[in-house]
Amino acid sequence: MTSPDLRHHGDVDAAPGLADFAVNVRVPHPPDWLRERLAAALGDLGRYPSKLAEERAREAVARRHGRSPDEVLLLNGAAEGFALLPKLAPRRAAIVHPGFTEPEVAFRDAGIPVDHVLLDGDFRLRDVTSDADLTVIGNPTNPTSVLHEAAALKALPGRVVVDEAFMDAVPGEPESLAHDPGVLVLRSLTKTWGLAGLRAGYFLGDPETLARLAHGRPHWPVGSLTLEAITACCEPEALEQSARFALEAQQYAAHALEQLQDLVVVAPKGPFLLIRAPRGARRALRDKGIAVRRCDTFPGLDDTYLRVAIRPPEEFAVFVDALRVVMEELA
C-alpha cells in the first residue's frame, strides 16, 4: 500500500466556505461557449459514444500538436493516464520530486520499484543519475511551477514520460515535447477549462506504446461529453483564449507577491505558484477563510511550503491581502 499522504490532493484542503486557492482548476466553471457546446451534446447521451466522435476528437488533438491521429490516446483526465503507466512494465521507475504524486502511487500499487530524484534549491533539473528504465516528470512541475528545458528532459534516464497537464497555461508553450515522437506526453484539459468534474485528457506518443497503454480498457472508455470537450478545447479559438488569460493572471500574481517582504516565491510558469512562508501560515490563512494546498505531502518539501492557485486579479488580490496580514502576525 502507498502512503496515504501521496494520495492527498488540493480538493481536500478546499473545504466548503473557504476561498479556494488550493485547487489548480483555473476557472470555477467552463466558459459560456464551452457550456453551449456541451449542452448541445446532451441530446446524444441516449446513444453510446460514436466512433465518429472519437475520430473527430483524436483528429482535433492531432492537428493541435502536429501529430497523426494514431499518436493520440484519449483519456478520462490525466489521472487515468497515470493509472495506465504500469502497463509499460518498467523494471524500475524514477519519479522527479517535488512533483505530482499519482505516478508514484500507480507504480507502487503495481509492485514496481520507485526511485526518488529529489531536486532542491531552485528545483531545476541538473545532472540526473538513475538506473531506472522509465522516468516521470512534470513540466511545468506541480507544485513548484518550474518549467524545465526540453533538452534536459530528453536527457533523463530510460523512457521519458512528461506530465504536461499545465502546459496549456504557459503562453507559447515553450519547452513542450508534445511534438516529439520519442517522448510519452500526458495532457489534461480539466484545469484550464473548468472541467474537473467531467475529466478530459490525452496521451501523445508512438502508436505501439499507446496500444500497450490502451490494452484491456473497457469498450467506450471515453464518454460523449468528454469527446465533445476535447474537440472543442483543441480548436484555435480556444487556444488563443487560454493564452490571453494565463499571461494576464500570472503577471499580476508575480507582481503582487513581490511587494511582500520575507516571502520566498518560486518563479511561476504554470497557473499556480510555490511559496515559502513562516511555519503556521497555512493554518492562519485558513482561519481567515483562505484555503491553500499543503505541500508537506510532496517528497522534498516541508510544511513551510504552500502551493497557491493563480486566480483572476480581483480574486488573487484577496489572497495577497490575507497573506500580508498573516506574515505580519507571524513575524
For the stretch 274-325, radius of gyration divided by Kirkwood radius, i.e. Rg to Rh on alpha-carbons: 0.96
With residue 157 itself left out, Lys, Arg at +1 and Asp, Glu at -1 over residues whose Cβ is under 12 Å from its Cβ give 0
Roughly how tilted is helix 236-258, in degrees to the nearest 10 and between 0 and 90, from the longest Cα axis of the chain? 20
Determine which aspartates and glutamates satisfy two conditions relative to residue 51: a Cα distance under 15 Å, and not lying fewer than 8 residues away in the same chain. 59, 70, 228
On the Cα set of the stretch 4-45, report Rg and Dmax in Å, please. 15.2, 41
Report the charge-dipole magnitude of the stretch 277-324 in Debye, nearest 20, computed about the Cα centre from +1 at each Lys and Arg Cβ and -1 at each Asp and Glu Cβ. 100
Per residue Cα convex hull volume in Å³ - calculated over the stretch 1-156: 188
Under a 1.4 Å probe, what is the accessible area of the stretch 70-190 per residue, stated in Å²? 33
Could you give the dipole magnitude of the chain about its Cα centre, charging the beta-carbon of Lys and Arg +1 and that of Asp and Glu -1, in debye to the nearest 20? 540
Taking the stretch 155-258, how much of its Cα-Cα pair set, in percent, is spaced more than 22 angstrom apart? 41
Take every Cα-Cα pair in the chain and report what % of them are more than 32 Å apart. 28
Charges on Cβ only, +1 for Lys and Arg, -1 for Asp and Glu, centred on the Cα centroid of the stretch 6-84; of 78, 16, 42, which one is farthest towards the dipole's positive end? 42
Using the Cβ atoms and a cut-off under 9 Å, what net charge is assigned to the surroundings of residue 201, where Lys and Arg are +1 and Asp and Glu are -1? +1
Set of lysines with alpha-carbon distance to residue 269 below 18 Å, sequence-local pairs under 8 removed: 191
Spin-label zone in the stretch 293-314 - amide nitrogen under 19 Å from a point set 7 Å from the Cα of residue 248 along the C-beta vector: 309-314
Would you mind telling me which residue in 287, 20, 70 has the biggest mean-square fluctuation in a Gaussian network model of the chain, where springs connect alpha carbons within a distance under 10 angstrom? 287
Stretched fully, the stretch from residue 219 through residue 128 gains (0.36 nm per residue minus C-alpha distance, one decimal, in nm) 28.8 nm
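The values are calculated or read from the model by the stated rules, or taken from the named source; none is laboratory data. Small disclaimer: the values here were computed from a predicted structure and weren't measured. When we count neighbours, we look across all protein chains shown, and the Cβ atoms used for this are built from the backbone with ideal geometry, even at glycine. Protein only, heavy atoms only, side chains kept; ligands, DNA and RNA dropped before computing areas. Shrake-Rupley method; radii C 1.70, N 1.55, O 1.52, S 1.80 Å.
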